[in-house]
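These notes are about the structure you will find just below.
Every read-out reported here was derived from the displayed coordinates using simple, explicitly stated rules and does not represent laboratory data. Remember, it's a predicted structure, so these values are computed and weren't measured experimentally. Cβ sites come from the backbone with ideal geometry, for glycine too, and all protein chains shown count toward neighbours.
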């Protein structure tokens, strides 16, 4: 080109030619595409017109013309084409027009490109592309977007109801919303998404309220899963990806959160039925579906907890009613059944926990809390700690009455230990267990040492040494006693002159390990006095620093009763033996004579005489022969006594130790609290009241749960005893006084 | 004077010698004169065989001052004197105390008593006085707690004027409850805190979960039951 300036009109005329050609191409008319030459000409025209010296620098005018061209095109061609269209057709038209518009903008931007390089930067005005979109936005979009929104939403609704729709069309239409945001998502969100989400909520709310009435829980869950899948699919097909989270949350809420309790607690198909019928798949689905909802599992775990609690409590109720309705022939039989039931319940739900609930800690917690509810109930006056101890005792006595195999015994004992974690008063359990262990070790011939040690080590592992140290000592004592016995036998052999003439065994118990026993100053028969003396002599050769206290109430004697029909061996307690042996010297003894000779308290003697004269075996005859013992009675040896067996055991009535056990435990608790507080204060030196309370509870939690009042009382006591003091300035801080 | 918690069971503490002029630097004539007056006043009431003012002497002092020997001002005087043993003033305590009060005669002492009341009521002194009142009742060797009846009287004397409704109610409770037969110093100091901090009679801001002693938890429970 020459150095002559191009006049505006002249230059613009050239451009118009190109623009008209473009329009024709867009209109689908027969036209050849732009050649390189044509393009270069148009580009250069702009270039030149922008590089002329003022006042012939036409950049601004060209910029305006660019915009005007687009506006005019839209107004004259695009808008009329949309005017008379509806529904899908309108959508289609709009999509096409937008496509065309973009092509136009693309070409025009190429021609006018030089403006983009300098003018827009200089003048801080929008780039040509942006201008192009803005024109469409202002003239077309602002006008039609509400209508478009309506159309899109109704198509989505149609699809939800099952009809097929043109997904590609929707995708393109929604993209317009996005592009109109000019880099922001606000047009998409404000002009479409907001209402879309609202209508989605309404839609699923309606469906949910219908389905919850009509469908079973598993079916409802299936439907919900399906809906969620479809919505995710919808997003990937035509919605913008940013909608997914919001959409899914709304759908989940309407379908699964709003009706969760109604759903899971459905009478005929809810959680409890799924458990009852072992519907593992449905349960897993429940977990899966709710796992995707934030805090959804909380809801399910809650229902789960309630369900387990109800089941467990029902067992407890059963046991209560069974015992009060009929006198059972096995005392505590119903309690045995109760423990078995609860153990089974635990096994079942642990399985579900693993198979359906991925061992999720929410469900673990729910299970724990449920068990803690019913594992701490008292059944017919018997605290759960006692019931559990009795259950263990039953199993350990010669393998329980069902003669279980070693494996089964081990398994069951393991489960008992597991169940103990739910019992709050573990120290009560320990005390009952200890008392029963004593009886097993001393009276039950068939105790299996391995099992005894095994359960103790399991208990120690779970709950710590303080729980089991005394019991371990007891078991060791009995083992040592056997060793002692053989060296005692040797002693007798080496000292034949001191042999008392009777077979007898002594078990030495370490005080402190064993429960405390009442001590009676019993006057022994002379034969036994000899035995005691001999053993004392033997024991002193072993150690001089220990004091032996004889607890005859724990002893057993085998006495030969020379009855007329036939001789019978009587297995009795030492106390009973002492009574019977009196009758070797006198044929007839009055109650007071017996008292004088034996030196026993009335309560105890009455109990003994009862077993020998008024109970199952009438070894002594009582005058008068009433059913109970009175202090004016007299007794005679009954020579006619007989039984079909050659050897009989004359049992003592069981003593109810429950009250004493609970009393003893209650007495010890303040000391345990003291020890815990001092321990904590020693290590922390300074601590707030709140923290002291919570740490004390935590430290003691393996044994029992102290209440706040009890702890406060001990704190007070420790203050008085100068172990700790309250801070002068900060009344809720305590300090350790060394 | 607060009621004597127990009869005189243990011997009075050692008194310092009456003439205590060893090692002291030469004081001015006026000072010596003042000290002489104080000493003379002391000797008026002191029991010569012990060398200190004993309960009888204090009774006499009270009557001369025109106050009842159960008046709280005598307790305040004991506090000012930092008297260690209930019912007794040693010469040292007397000297130090009267000097601190700036008095050397009976009439001056009388006047000083009302000033003393104001001094005690100052927040910085009050807690000290309150704690002192309890300690003063620990008459036995190694005694840590005071019996309930004495505590009730002491509460009335020390806090009764300022916190009448709280004290009346608290005293009623202390007399009917059975959990505690004695009160230790920690419980005592918390009675004051209670009166100062807890709104009465609604007790709305009392929370048993906090570090209040158990006896106050029980008291609040009792109050709430009474008014429900």
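Mean residue ellipticity, 222 nm, helices only, chain A: the sum of -39500 (n - 2.57) across DSSP H runs of n ≥ 4, divided by residue count and rounded to 500, is -20500 deg cm²/dmol. Annotation: for a label point projected 7 angstrom from Cα along Cα→Cβ of residue A:182, residues of region A:88-130 with backbone N closer than 12 Å are A:125-130.
Which residue, B:105, B:48, B:145, has the most motion in a Gaussian network model of chain B that connects Cα atoms within less than 10 Å? Among B:105, B:48, B:145, the largest GNM mean-square fluctuation belongs to B:48. Could you calculate the FRET efficiency of residue A:668 with residue A:701 from 1/(1 + (r/R0)^6), where r is the beta carbon distance between them and R0 is 25 Å, rounded to 0.05? FRET efficiency, residue A:668 to residue A:701: 0.95. Per 5 Å bin, what percent of the C-alpha pairs of region A:555-649 does each bin hold, from zero upward? Once binned at 5 Å, the Cα pair distances of region A:555-649 give 3, 14, 27, 28, 19, 8, 2.
For the pair residue B:68 and residue A:587, label points projected 7 Å from Cα toward Cβ lie 8.7 nm apart.
Neighbour counts of C-beta atoms inside 10 Å place A:185, A:104 in the sequence A:185, A:104, starting with the fewest. Sequence-distant contacts, meaning Cα pairs under 8 Å at least 6 residues apart, place the relative contact order of chain A at 6 percent. Across region B:32-121, the mean sequence separation of Cα contacts (distance under 8 Å, 6 or more residues apart), normalised by length, yields a relative contact order of 33 percent.
Relative to the current alpha-carbon distance between residue A:508 and residue A:444, full extension at 0.36 nm per residue lengthens the span by 21.4 nm. Set the Förster distance to 35 Å, then compute FRET efficiency between residue A:60 and residue A:147 from the Cβ-Cβ distance, nearest 0.05. Efficiency at R0 = 35 Å is approximately 0.45.
At a Förster distance of 60 Å, what's the computed FRET efficiency of residue A:267 paired with residue A:725, Cβ-Cβ distance as r, to 0.05? Efficiency computed from Cβ-Cβ geometry: 0.50.
Computed over the protein assembly as shown, the P(r) curve from all C-alpha pair distances, binned at 10 Å from the origin, holds 2, 8, 10, 10, 10, 10, 10, 10, 9, 7, 5, 4, 3, 1, 0, 0 percent per bin.
Give me the distance between the Cα centres of region A:667-723 and region A:1-39, rounded to whole Å. Region A:667-723 and region A:1-39 have Cα centres separated by 95 Å.
Please give the residues of region A:421-436, grouped as numeric ranges, whose backbone N is less than 14 Å from a label point set 7 Å along the Cα-to-Cβ vector of residue A:517. Label zone hits: A:435-436. Both the radius of gyration and Dmax for chain B are 20.2, 71 Å, in that order, over alpha-carbon atoms. The C-alpha atoms of chain A define a longest principal axis, and helix A:406-420 lies at about 70 degrees to it. Note on region B:32-121: the alpha carbon radius of gyration divided by the globular reference 2.2 N^0.38 Å gives 0.97. Structural descriptor for chain B: relative contact order 19 percent, calculated from alpha carbon pairs under 8 angstrom and at least 6 residues apart.
The distance linking region A:151-168 with region B:118-147 is 87 Å (Cα centroid to Cα centroid, whole angstrom). Against chain A, whose longest principal axis comes from its Cα atoms, helix A:574-585 is set at around 10 degrees.
In plain terms, the residue of A:143, A:633, A:503 with the fewest other Cβ atoms within 10 Å comes first and the most crowded comes last, giving A:503, A:143, A:633.
Any idea how far the Cα center of region A:466-516 sits from the one of region B:184-208, in Å? So the two Cα centres are separated by 60 Å. Would you mind checking the tilt of helix B:185-197 against the longest principal axis of the Cα atoms of chain B, expressed as 0 to 90 degrees and rounded to 10? Value to nearest ten degrees: 70. With helices as the sole contributors, chain B gives -18000 deg cm²/dmol at 222 nm; each DSSP H run of n ≥ 4 counts as -39500 (n - 2.57), and the sum is divided by every residue.
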